[in-house]
Structures are given as structure tokens and as C-alpha cells.
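What follows is a set of notes on a single structure, which appears directly below.
The values are calculated or read from the model by the stated rules, or taken from the named source; none is laboratory data. Bear in mind the structure is a predicted one, so any value in this text is a computation, not a measurement. Using ideal geometry, Cβ is built from the backbone for each residue, glycine included, and neighbour counts are taken over all protein chains shown. For the accessible areas, the whole protein counts, side chains as well, though only heavy atoms, and no ligand, DNA or RNA atoms are used. Shrake-Rupley method; radii C 1.70, N 1.55, O 1.52, S 1.80 Å.
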Amino acid sequence: DDLILLSDTSASGALKKMTRANFVSGVGGVNTPAFQAKLTTVSTTFSEGSLTTLIMNSEDFDTDSAYDTSNGQFTPQTAGKYFCEVFVHADRGGSTMSDLKMAYVQLFKNSSGSGGKATQQHDMRNNYGRGFGVNVSAIFDLNGSSDYVYPVLSIQTNSGSDPVFVGESSYTYFRAFKLIGV
């Protein structure tokens, strides 16, 4: 009958019965809105050292249509705390990224990080490896009406020339979900 028995130690070990439906309805909530989007456009030219919004142009899922593939912003219409994560994986693609010095990946809340941000960097000075992977995650408190989160990337080169970012298709992603019970 989908009954769950609970031992109540405050009542001398009495057993209490609860249906599965009642038990499940009283637990937590749902982790939505939630989405995961990935980058499928793999080659982009960046201005040296400037912040460039990373727009993941293909969604794996988006439970509430909260991610916009045209501007790269996650704007949930439900207030709460959200776990947000971006992972950037890049390959130099031959010689296009051979003089990389630094790569910064950031998550911004609202315009230019005015509502908060998280940053991670990868330092490649004097070690011109084939590529890099940088992961940034943070928990943001979003108001459910106007707050949004988006990822940005900044690349610096040793030569000062504009770098060409060669992202690994399907390995560069942005995702978020609502935390429950917080």
C-alpha cells in the first residue's frame, strides 16, 4: 500500500504510518528552474584583455525557459538561491592560441557583476600548453524578477594581439539550478 513506518522515540518508540504520497509531499521541493547550455560555435575572436560574454548557444535542457541563447543570461522568474557553474575548455587550435598568457572566467550577477561575481583564472605564462580548462561555480541569491547571471571570459596574450578562442564544442557549458531547503 506504499506505507512508510516511522519510529517516534518521543512517544516510547511508537510506530507511525505515513503514505508514500504524504511523505514525498512533505520533503524538500524541486530544483527548478534549472538549465544546462553548451557552446557549439567553437571559434571566436576576442579583444585582448577585455571581458566578453560567453553565449552558450545550444540548450541541453531548460525547465522554465529561463536561459536566453541570444544573450547568454540565466534569468529565473522564481526567487531563491541558485547554484551556477560555468566550465570553459579551450584548445589552441594549431597556432591561434600559441601565445596565451592568462584566461579569466567569471560569473556575473547583473550588469558587470554589480550584484556579485565569482572568478577563476588560468595562468599560462612561460608554459604554452595545448589548451586549458577553467571551472567557476558560485551560489547567487536571485530575486526572481530582474536578477540574472551570465559567464564572461577574458584572454590575455604575450604579444598583445587579439586572441582567437577555440572552444571545445560541447565541453564548454553553463548551468544552474535552484537550491532547495536553503
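General observations
- Criterion violated by residue 61 - all others in (1) within 14 Å of the chain's Cα centre (by Cα); (2) surrounded by 12 or more Cβ atoms within 10 Å (Cβ to Cβ) satisfied: (2)
- Annotation note: of 32, 52, the sole residue that is in contact with an Asp or Glu (Cβ under 7 Å, 6 or more places away or on another chain), open to solvent by less than 60 Å² (accessible area, probe 1.4 Å) and modelled with pLDDT of 70 or more is 32.
- Contacts under 7 angstrom Cβ, first residue in segment 156-171 being farther than 14 Å from residue 46 by Cβ, partner in a strand (DSSP E or B) and modelled with pLDDT of 70 or more, 6 or more apart: 158/101; 168/89; 168/90; 170/38; 171/89
- Filter result for residue 169 (open to solvent by 10 Å² or more (accessible area, probe 1.4 Å), closer than 21 Å to residue 38 by Cβ and either part of a loop (DSSP other than H, G, I, E, B) or modelled with pLDDT of 70 or more (or both)): yes
- Given (1) under 26 Å from residue 157 (Cα atoms); (2) modelled with pLDDT under 70, index of the condition residue 11 fails: (1)
- Residue check, residue 128 surrounded by fewer than 17 Cβ atoms within 10 Å (Cβ to Cβ), of a type outside the set (A, V, I, L, M, F, W, C) and modelled with pLDDT under 75: yes
- Inter-residue pairs, beta-carbon under 7 Å, first within 17 Å of residue 90 (Cβ to Cβ) and among the basic types (Lys, Arg) and in segment 32-61, second open to solvent by less than 50 Å² (accessible area, probe 1.4 Å) and not in a strand (DSSP E or B), 6+ apart: 38/56; 38/172
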